[in-house]
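The values are calculated or read from the model by the stated rules, or taken from the named source; none is laboratory data. Keep in mind that this is a model prediction, so the values were computed, not measured. Reconstructed Cβ throughout: ideal geometry from the backbone, glycine too, with neighbour counts over all protein chains shown. Heavy atoms of the whole protein, side chains included, go into the accessibility calculation; ligands, DNA and RNA do not. Shrake-Rupley method; radii C 1.70, N 1.55, O 1.52, S 1.80 Å.
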Amino acid sequence: MKSHSTYCSFCKSALKVFPQKRLNVKQVLLTLPLSVFLAYLLNGTLDPRSLVLFALLLMAGELVIQFRWRTSIVCRRCG
């Protein structure tokens, strides 16, 4: 993902902020084939457990994006 440059509102130092705060539709749709592929590799067949894997992958993706966004909005100089 691309970041954009902005300035801290308190100390006016330059920041690189990731604008994406949530998963978008494209990422959710690309997670589905990944979960089906991983379920097929793990189980040998497709079964309802692939939906659980899909949900786990979505949660992990959301956590990564949220963490990256939150760490990028904190100023390194003034906190």
Given labels modelled 7 Å from the Cα in the Cβ direction, how far is it in nm from Arg70 to Lys21? 1.4 nm
Largest fluctuation, Arg49, Arg22, Arg68 only, Gaussian network model of the chain with Cα springs under 10 angstrom, belongs to Arg49
Cross-link partners among lysines for Lys12, C-alpha distance below 29 Å, same-chain residues fewer than 8 apart left out? Lys2, Lys21
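Given a 1.4 Å probe and every protein chain left where it sits, what share in percent of the accessible area of the chain is carbon and sulfur?
Of the solvent-accessible surface of the chain, carbon and sulfur hold 68 percent.
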Per-residue HN-Hα couplings for region 30-42 [Karplus 6.51, -1.76, 1.60; θ = phi - 60°; Hz; x = Gly/Pro]: 7, 6, 4, x, 5, 5, 5, 5, 5, 5, 5, 5, 6
Once you place label points 7 Å from the Cα toward the Cβ at Leu41 and Leu58, how far apart are they in nm? 2.2 nm
Could you list which residues have their amide H under 5 Å from that of Leu15, counting only those 5 or more apart in sequence or on another chain, with H placed in the peptide plane? Thr6, Tyr7, Cys8
Pick the calculated P(r) over Cα pairs in 5 Å bins from 0, in percent for this structure from (1) 3, 15, 19, 15, 12, 10, 9, 7, 5, 4, 2, 0; (2) 3, 15, 26, 25, 18, 10, 3, 0; (3) 3, 13, 21, 25, 20, 11, 5, 2, 0? (1)
Let me have the relative contact order for the chain, percent, based on Cα pairs under 8 Å that are six or more residues apart. 37 percent
Per DSSP H run of at least 4 residues, take -39500 (n - 2.57); add these up for the chain, divide by its residues and hand me the 222 nm value, nearest 500 deg cm²/dmol. -19000 deg cm²/dmol
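Over the chain, average the accessible area per residue using a 1.4 Å probe and give it in Å², no decimals. Before the final figure, lay out the partial values.
Working: 6150 Å² over 79 residues.
For the chain, the per-residue accessible area is 78 Å².
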Quote the relative contact order of region 1-45 in percent (integer), defining contacts as alpha-carbon pairs under 8 Å separated by 6+ residues. 25 percent
